[in-house]
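Remarks on the structure that follows.
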Amino acid sequence: MNFSSRVPKGSLIFAPMEGITDGPYRMAIEEAFPEWNYLSTDFLRIPSQGVYSDKKIMDHFGIEEKLMPKALKRTSYQILTTMKSSTATHVKRIRALGFEHLDLNVGCPSKKVNGHLGGAYLLSDLNSLSHIVREIRNNFDGVFTAKIRIGYSNDKDFYSILKLLEHEGVDAITLHARTRDQLYEGRADWEYIRKAVEAVDIPLIGNGDCWSLHDIHAMFQQTGCHAIMMGRGALKTPWMATLYE
Ligand SMILES: Cc1cc2nc3c(=O)[nH]c(=O)nc-3n(C[C@H](O)[C@H](O)[C@H](O)COP(=O)(O)O)c2cc1C
């Protein structure tokens, strides 16, 4: 399955946001501002014990049945997982339920999540990251993307992370241009997005501090990224995609 045919170059993507971008919210955005090219669920935490029911997996997506065919084409389903979690089992279930695009969360900076060795923690443990990515790739034949930051405490593994993801068969990468330790402080450094675009041959989605129409044009121009993902800016100005042509 081809990423670029789902998310064409120049697309604007509404970012995953826990507690906000659940099913009803995404349906409202689709209805009011269909100019957003693509939407994202927040993360489903894959358990280390037991297996989620199909209902739990469907409920996380949270879309009414009659709207599902359209939503499946325009939405990524995000998971957050660890070495201890039953990743393969859940990824197979998610695919069997008809989800076409799986996104791996490698950016969540929460202390609790990182303490359980998930989210942005994986940026500091490339062996675990490559194991998990391979496990997903081997068990999911749809579009598979990863959402990362530039590193955990610093950028020392920036290129290794990008190359690892590309090598293991990820279809596209979303880069929030901050380290984990920066949380949401300062300004995202878009130079890392430009460097990432140069470093890999798969589509790169730029993310971080895109707040205005001016920022959208500037990020595309400065970085050459394939698409832009907007989080807080999209919340603040949900009609932003209608202004961009
Ligand atoms: C309230 C909130 C919840 C978030 N939840 C998630 C999440 O579930 N998964 C994820 O990958 N990123 C999550 N993020 C990060 C955003 O997707 C995005 O990467 C980050 O906000 C930077 O982009 P922005 O500057 O456009 O907001 C969240 C951000 C916020 C503000």
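The values are calculated or read from the model by the stated rules, or taken from the named source; none is laboratory data. Since the model is a prediction, treat every value here as computed from it, not as a measurement. Using ideal geometry, Cβ is built from the backbone for each residue, glycine included, and neighbour counts are taken over all protein chains shown. Please note that ligands, DNA and RNA were not included when accessible areas were found on the heavy atoms of the full protein model with its side chains. Shrake-Rupley method; radii C 1.70, N 1.55, O 1.52, S 1.80 Å.
When the range 189-245 is filtered for residues that are within 13 Å of the ligand (Cβ to nearest atom) and of a type in the set (Lys, Arg), the ones remaining, listed by number, are Arg232, Lys236. Summed over the range 136-180, residues that are outside any strand (DSSP E or B), within 15 Å of the ligand (Cβ to nearest atom) and not β-branched (Val, Ile, Thr) total 2. Any residue at all in the range 38-48 that's modelled with pLDDT under 95 and open to solvent by 10 Å² or more (accessible area, probe 1.4 Å)? So far as the range 38-48 goes, yes, one or more of its residues are modelled with pLDDT under 95 and open to solvent by 10 Å² or more (accessible area, probe 1.4 Å).
For the range 4-38, a tally of residues being in a loop (DSSP other than H, G, I, E, B) and within 15 Å of the ligand (Cβ to nearest atom) returns 9. Contact annotation: residue pairs with Cβ atoms under 8 Å, 6 or more positions apart or on different chains, pairing a residue in the range 70-96 that is in contact (Cβ under 8 Å) with a residue 12 or more places away in the chain with a partner that is crowded, with 22+ Cβ neighbours inside 10 Å and acidic (Asp, Glu), are Ser76/Asp103; Tyr77/Asp103; Gln78/Asp103; Ile79/Asp103. Taking the range 188-224 as the range and being under 18 Å from Lys163 (Cβ atoms) and assigned to a loop (DSSP other than H, G, I, E, B) as the test, the residues that pass are Val200, Asp201, Ile202, Pro203. Of the residues making up the range 227-245, those that are of a type in the set (D, E, K, R) and closer than 20 Å to Ala177 by Cβ are Arg232, Lys236. Hey, any hits in the range 136-149 for a residue that's over 18 Å from the mean Cα position of the chain (by Cα) and β-branched (Val, Ile, Thr)? No, that holds for no residue. In the range 104-115, the residues that are over 18 Å from Thr87 (Cβ atoms) form Cβ pairs under 6 Å with partners that are at pLDDT 95 or above and open to solvent by 10 Å² or more (accessible area, probe 1.4 Å), at six or more places apart or across chains, as follows: Pro109/Arg180; Pro109/Leu183.
Residue-by-condition table, conditions (1) open to solvent by 60 Å² or more (accessible area, probe 1.4 Å); (2) assigned to a strand (DSSP E or B); (3) more than 16 Å from the ligand (Cβ to nearest atom); (4) farther than 21 Å from Met17 by Cβ:
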position	(1), (2), (3), (4)
Lys55	yes, no, yes, yes
Met58	yes, no, yes, no
Ile63	no, no, yes, no
Pro69	yes, no, yes, yes
Gln78	no, yes, no, no
Met83	yes, no, yes, yes
Asp103	no, yes, no, no
Pro109	no, no, no, no
Lys112	yes, no, no, no
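Screening Arg93 on (1) open to solvent by less than 70 Å² (accessible area, probe 1.4 Å); (2) assigned to a helix (DSSP H, G or I) shows it passes everything except condition (1).
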